[in-house]
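Working notes, beginning with the structure itself.
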């Protein structure tokens, strides 16, 4: 549905997006992840024909953004970072205007407006002035605007920014409902966002594509080893416990953490592909200590993200060093 | 065409949803009413005097009231047009709604035309305020209708032309004040150009003189409809709207 090849966007002094390629299948929800200033918004703007690429190609539903922008624009719904609202209009009036702008036939407009008002739960504010709405409602009006013409592709730039947790959950639900018929690309710098609502992640940092995969694969791929957190009841000497844990076969590293409520806390990592939980427990119990807790520590998307973007930084630092 | 009308309607609506429309219309009505009062008062005074001195030559309402009054209106318009044009694109750029327009299936030209026509319609509403006064002259006097119509056509063309220039200036900035200020100075400059060349008839100053908006309005004010002046205004409108389109394109490349 979306195809991007070697996309580069250069501004006067900076390269915002550097040779990015990816594809999105029909009906997928893809999360576009990256720190602030990574080039997410720029990429989205190219996809929506707002900005032309410096080089490379982007196509939506087979239409190139530069060659046939009108065909692309008909098929996309776009919610920019700040929802594009006219404060002096009423909600209904605004949606009616956008609907016509998107080329909905006059006879269908009313039913489409009613539909999105219901979907985005805007019933209470139908005739309120947009300028008087709260941030959460504005965001929803923005979303309603993006889906009013039933576009094939939805492009949402930080759809949940500035919303309270309840509203975030509502938006997530809405996105899930939409995902079947629409292809959705959403950008965010909040990682849990992606874990919750996306099937695939595209991570970019400093304009470069760092990784793209399904959420599950990405977590697996980066979690080479198992990590376990142990709590041992105080009594024995910390270094003694650590030494003992290190001797368990398959353990690559043991880190003593700060004691909690008088409990000694350790984090153990296994070698690639080894299961160490049972052995760890046995070793502690055999030594006559009380094992209070033993739980696996999953590598969250957060860690992955940090690892990836940090690696990126190291690389570029090396390159900079090389050129100097 | 449907898109042009749609955008034009939206523009008009937002003019009337904000104080701008009322403000501009009220200011114009006030100033024009003041000019009208002064012109008619003097006219009445002079015609009494003329009668008392036994000169029976009738005085001309067209020459002595309507013509200077509409000339005055054209000057007032120079000041009001920046207020109308400044928000056209600057506001959309500031609030980010320009992203909605540019990512919707409408062409740049449709957006520009819609906005320009919208502002032109507001300008017509402003001019309409003066019709009340002029109509009074028709009720109690017998002025010629034709030169009045020609003068109004001139006012409309001059306004359309300045609005097109204002539209262009509004695309270049996201700050309404800057857009308004620059438009005002450009209007002023185009008006003053005729002064620089008042006593010089060299080739260069003739070119400068030709560019002055006011020189072309003079004939309309006299009731003379000359193709030359109409062509001037229309070509200025085309040129301004053309560079507006170019400016919008460059906006995308630079943004």
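For the range A:72-87, the set of residues classified as touching a strand residue (DSSP E or B) at 6+ places or on another chain (Cβ under 7 Å), within 8 Å of chain B (Cβ to nearest Cβ) and more than 14 Å from residue A:139 (Cα to Cα) consists of A:76 only.
Inspect the range B:10-17 for any residue being part of a helix (DSSP H, G or I), more than 11 Å from chain A (Cβ to nearest Cβ) and in contact with a helix residue (DSSP H, G or I) (Cβ under 6 Å, 6 or more places away or on another chain) and give the result as yes or no. Checked against the condition, which is being part of a helix (DSSP H, G or I), more than 11 Å from chain A (Cβ to nearest Cβ) and in contact with a helix residue (DSSP H, G or I) (Cβ under 6 Å, 6 or more places away or on another chain), the range B:10-17 yields at least one hit. For the criterion of being assigned to a loop (DSSP other than H, G, I, E, B), surrounded by 18 or more Cβ atoms within 10 Å (Cβ to Cβ) and assigned by TED's automatic domain parsing to the domain that holds residue A:184, residue A:87 fails.
For residue B:21, indicate whether it is in a helix (DSSP H, G or I), within 14 Å of another protein chain (Cβ to nearest Cβ) and surrounded by fewer than 20 Cβ atoms within 10 Å (Cβ to Cβ). Criteria met by residue B:21. Picking from B:46, B:34, which residue would you name as being more than 14 Å from chain A (Cβ to nearest Cβ) and under 19 Å from residue B:131 (Cα atoms)? None of the others qualify; the one that does is B:34. Residues that are touching a helix residue (DSSP H, G or I) at 6+ places or on another chain (Cβ under 7 Å), more than 9 Å from every other protein chain (Cβ to nearest Cβ) and under 19 Å from residue B:7 (Cβ atoms) within the range A:96-118 comprise A:96, A:99, A:104, A:109, A:113, listed in sequence order.
Among the residues of the range A:10-27, is there at least one that is under 21 Å from residue A:193 (Cα atoms), assigned by TED's automatic domain parsing to the domain that holds residue A:57 and touching a helix residue (DSSP H, G or I) at 6+ places or on another chain (Cβ under 8 Å)? Yes - at least one qualifying residue is present in the range A:10-27.
State whether the residues of the range A:54-61 include one that is in contact with a strand residue (DSSP E or B) (Cβ under 6 Å, 6 or more places away or on another chain), more than 23 Å from residue B:249 (Cβ to Cβ) and surrounded by fewer than 16 Cβ atoms within 10 Å (Cβ to Cβ). Lay out the reasoning, then the answer.
Taking the range A:54-61 first, the residues in contact with a strand residue (DSSP E or B) (Cβ under 6 Å, 6 or more places away or on another chain) are A:54-60.
Retained after the next criterion (residues that are more than 23 Å from residue B:249 (Cβ to Cβ)): none.
No, the conditions are met nowhere in the range A:54-61.
The residues on offer are B:68, B:143, B:147, B:82, and the sole one that is surrounded by 24 or more Cβ atoms within 10 Å (Cβ to Cβ) and touching a residue at least 24 places away in the same chain (Cβ under 8 Å) is B:82.
Is one or more of the residues making up the range B:153-163 away from every other protein chain (no Cβ under 14 Å), surrounded by fewer than 20 Cβ atoms within 10 Å (Cβ to Cβ), farther than 25 Å from residue B:181 by Cα and in contact (Cβ under 8 Å) with a residue 12 or more places away in the chain?
Filtering the range B:153-163 for residues away from every other protein chain (no Cβ under 14 Å) gives B:153-163.
Now narrow it down to the ones that are surrounded by fewer than 20 Cβ atoms within 10 Å (Cβ to Cβ): B:153, B:156.
In the following step, the residues that additionally are farther than 25 Å from residue B:181 by Cα were identified as B:153.
Those left that are additionally in contact (Cβ under 8 Å) with a residue 12 or more places away in the chain: B:153.
Yes, the range B:153-163 has at least one match.
Does the range A:135-152 hold any residues that are within 10 Å of residue A:76 (Cα to Cα) and within 11 Å of another protein chain (Cβ to nearest Cβ), and which are they? Residues satisfying the conditions are A:146, A:149, A:151. Looking across the range B:85-130, just one residue is in a helix (DSSP H, G or I), crowded, with 24+ Cβ neighbours inside 10 Å and without any contact (Cβ under 8 Å) to a residue 12 or more places away in the chain, and that is B:100.
The values are calculated or read from the model by the stated rules, or taken from the named source; none is laboratory data. Since the structure is predicted, the reported quantities are computational estimates derived from the model, not experimental observations. So basically every Cβ, Gly included, is an ideal-geometry build from the backbone, and we count neighbours across all protein chains shown.
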